[in-house]
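The next block holds one structure in the form of structure tokens; read it before the comments.
The values are calculated or read from the model by the stated rules, or taken from the named source; none is laboratory data. Source: prediction; values computed, not measured. Here the Cβ is made from the backbone with ideal geometry for all residues, glycine too, and neighbour counts use every protein chain on show. Areas reflect the complete protein model, heavy atoms only, side chains present, ligands, DNA and RNA absent. Shrake-Rupley method; radii C 1.70, N 1.55, O 1.52, S 1.80 Å.
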Amino acid sequence: MKGVVLGQYYPGDSLIHSLDPRVKIVSTFVFIISLFVVDNVPGYAVTALFLVSAVALSKVPVARLIKGLSGILVLMVFTAVFNLFLTPGEVVFSFYSLQITREGIIVTVKMLVRLVFLIMGSSLMTYTTTPSALADALESLMKPLKVVKVPVHEISMMISIALRFIPILAEEADIIIKAQKARCADFDTGSVIKRAKAMIPVLVPLFVSAFRRANDLAVAMEARCYRGGDNRTRMRPLTYCARDYRAYAVDAALLLGCILTRVIL
Amino acid sequence: MKEIIKTKNLGFDYIRRNENGEVESIARAIDGVDISIEPGEFVAVLGANGSGKSTLARHLNALLKPTEGTVWINGMDTRDEGKIWEIRRTAGMVFQNPDNQIIGQVVDEDVAFGPENLGVPAEELPGRVEESLKAAGIYEFRNSSPNNLSGGQKQRVSIAGVLAMHSSCIVLDEPTAMLDPLGRNDVIRAVRALNYVENITVILITHYMEETIYADRIYVMDGGKVAFSGTPREVYSRVEDLEKLRLTVPPVVRLSKFLRDSGLHIPADILTEDGLADAIAKEYNAGT
């Protein structure tokens, strides 16, 4: 468990890596919205062009992006089967009571393309942005919500601390499991319920330790003058530069292009 | 010179309450402690488990408020709520567990945490961080994840975190208790360098007597009270008293006492192996 890598950050210094994380989050959202705006071949071509150029600029190996799709394979199969067989329309193929329609095929292809693009687009963001940069960007993007009393800074601080402590707790869980195994605990055999029960002697000490750590950390943060987000400065404040504005312009063009394909064609 | 840390008749009770908020038991952790530390001093607080030394440490940073008596940090009373952040900035704190005090996911981000909280302007931060990392001897790891560092390195990151707040005083609460001997040496060496080079006041809380050798003064604590205090030479000559307080006396000190008791003229204030070797050589030459 040692050296657990959180998220799936792929280190690099490409143009996409160097973009402001806020730009990447916004772009990902714009891309997802565009995917659901488009409904014809030119539209899909526009989104595909955007995705392909982003991937090319990021220098993230395509194989990695494709590997990321394996997580949603089951979802893709379900989507395909349901759309294929349950869409009414002009029957092109049938056996027994099952029918495949022309409309069904079209809908299936569209849905699959959307899903694949969606996953590839959002994983491109996580491949090119560190988790801590994402937390910072979320804090900055959600700032307007402060008006309605959403504790934006606190949420971001919690995400950062969680990211810092997940590897530590994972390592600790590993140690506890080994300790319990040394005392003849059996985690690997028996029914699901039996195995779940076997985890109790692992989870209880892990929870106790997590609370103790939380307490220690809170004291340490207080000792280091932490008093919430007000009046706090940042060593690396997020600042937009020219390339970030250009990226926003590309986002706008993408959305506009997709709307146009829908309206005109 | 004006003391940077001063306590007068300091007392603290840990009060346990049951669910209804009624007092269940009161445990006296500190009782009538008077200490005074001058700027630039290296002071060690030595004591066995439960002697009240960690509770004392937490008073120096206003994490705990006295039940009775007063603590002044640079003239500021720790009970003064308005001065609490200035007190915490003045007396920075390093804790025992290296993992549970690092907040940042990258070393330099963590070092910047304190000054960020103080509202130090962004332009000034990288310089402060670099300076502190160098002073703590951990600059080469500035871009590492804390998870990839050893315990001793993590403690030095925490020390850098205090330095970055420009604290004039650093309180280390058993910083080496969870480290291996190598890491312990690194941390103590870093602390000594800060005291010597940067003239930062150091309060080192520990139960390892070896770590107190370089201190200007030692307070020995027992049962919440200061049992006795003095320079390392004075304190180390009281081997029986130290052992009565369940403290482990370093082998050199023990050996020199044994030799002295068996009739050799070994001075009572020898702290290092070289010093003992010299004294034995002198005694040997005098004998022949």
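A compact table of results
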{"item": "Matching residues in the range B:114-153 - criterion: being surrounded by 23 or more Cβ atoms within 10 Å (Cβ to Cβ), under 23 Å from A:SER156 (Cα atoms) and hydrophobic (A, V, I, L, M, F, W, C)", "result": "B:VAL129"}
{"item": "Residue that is nearest to A:ARG22 (Cα to Cα), among those in the range A:237-265 that are surrounded by fewer than 13 Cβ atoms within 10 Å (Cβ to Cβ) and within 14 Å of chain B (Cβ to nearest Cβ)", "result": "A:THR239"}
{"item": "Pair list, Cβ < 6 Å and 6+ apart or interchain, from the range A:6-22 residues that are closer than 14 Å to A:LYS59 by Cβ to residues that are modelled with pLDDT under 90 and of a type in the set (S, T, N, Q)", "result": "A:TYR9/A:THR130"}
{"item": "Sole residue being of a type outside the set (Ser, Thr, Tyr), in contact (Cβ under 8 Å) with a residue 24 or more places away in the chain, open to solvent by 80 Å² or more (accessible area, probe 1.4 Å) and under 29 Å from A:MET142 (Cα atoms), chosen from A:PHE50, A:PHE29, A:PHE36", "result": "A:PHE36"}
{"item": "Subset of the range A:132-174 (residues that are aliphatic (A, V, I, L, M), assigned to a helix (DSSP H, G or I) and away from chain B (no Cβ under 13 Å))", "result": "A:ALA137, A:LEU138, A:LEU141, A:LEU145, A:VAL147, A:VAL148, A:VAL152, A:ILE155, A:ALA173"}
{"item": "Residue in the range B:40-50 that is at pLDDT below 90 and either at positive phi or surrounded by 18 or more Cβ atoms within 10 Å (Cβ to Cβ) (or both) present", "result": "yes"}
{"item": "Helices (runs of 4 or more DSSP H) wholly inside the range A:6-109 that include at least 2 residues being in contact with a strand residue (DSSP E or B) (Cβ under 8 Å, 6 or more places away or on another chain)", "result": "A:73-86"}
{"item": "Pick from the range B:22-52, criterion among the acidic types (Asp, Glu), touching a residue at least 12 places away in the same chain (Cβ under 8 Å) and not in a loop (DSSP other than H, G, I, E, B), ranking: nearest to B:ILE4 (Cα to Cα)", "result": "B:ASP34"}
{"item": "Subset of the range B:53-77 (residues that are free of Cβ contacts under 8 Å to residues at least 60 places away in the same chain, hydrophobic (A, V, I, L, M, F, W, C) and touching an Asp or Glu at 6+ places or on another chain (Cβ under 8 Å))", "result": "B:LEU63, B:MET76"}
{"item": "Residue that is farthest from A:PHE50 (Cα to Cα) [pool: residues in the range A:223-233 that are at the interface with chain B (Cβ under 7 Å from one of its Cβ atoms) and open to solvent by 80 Å² or more (accessible area, probe 1.4 Å)]", "result": "A:ARG227"}
{"item": "Test for B:LEU179: is it modelled with pLDDT of 85 or more, surrounded by 15 or more Cβ atoms within 10 Å (Cβ to Cβ), out of contact with any strand residue (DSSP E or B) (no Cβ under 7 Å at 6 or more places or on another chain) and farther than 28 Å from B:GLY50 by Cα", "result": "no"}
{"item": "Subset of the range B:103-113 that is within 7 Å of chain A (Cβ to nearest Cβ) and touching a residue at least 24 places away in the same chain (Cβ under 8 Å) - its residue that is surrounded by the most Cβ atoms within 10 Å (Cβ to Cβ)", "result": "B:ALA112"}
{"item": "Among (1) within 14 Å of another protein chain (Cβ to nearest Cβ); (2) open to solvent by 30 Å² or more (accessible area, probe 1.4 Å); (3) in contact with a helix residue (DSSP H, G or I) (Cβ under 7 Å, 6 or more places away or on another chain), the one test that A:THR129 misses", "result": "(2)"}
{"item": "Lone qualifier among A:LEU134, A:LEU84, A:LEU115, A:LEU124 - being surrounded by fewer than 18 Cβ atoms within 10 Å (Cβ to Cβ) and of a type in the set (A, V, I, L, M)", "result": "A:LEU115"}
{"item": "Given (1) over 23 Å from A:LEU217 (Cα atoms); (2) open to solvent by 50 Å² or more (accessible area, probe 1.4 Å), index of the condition B:ARG58 fails", "result": "(1)"}
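Yes/no matrix, rows are residues, columns are (1) over 24 Å from the mean Cα position of the chain (by Cα); (2) within 11 Å of chain A (Cβ to nearest Cβ):
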| position | (1), (2) |
| --- | --- |
| B:GLY119 | yes, yes |
| B:ALA136 | no, no |
| B:TYR139 | no, no |
| B:ASP173 | no, yes |
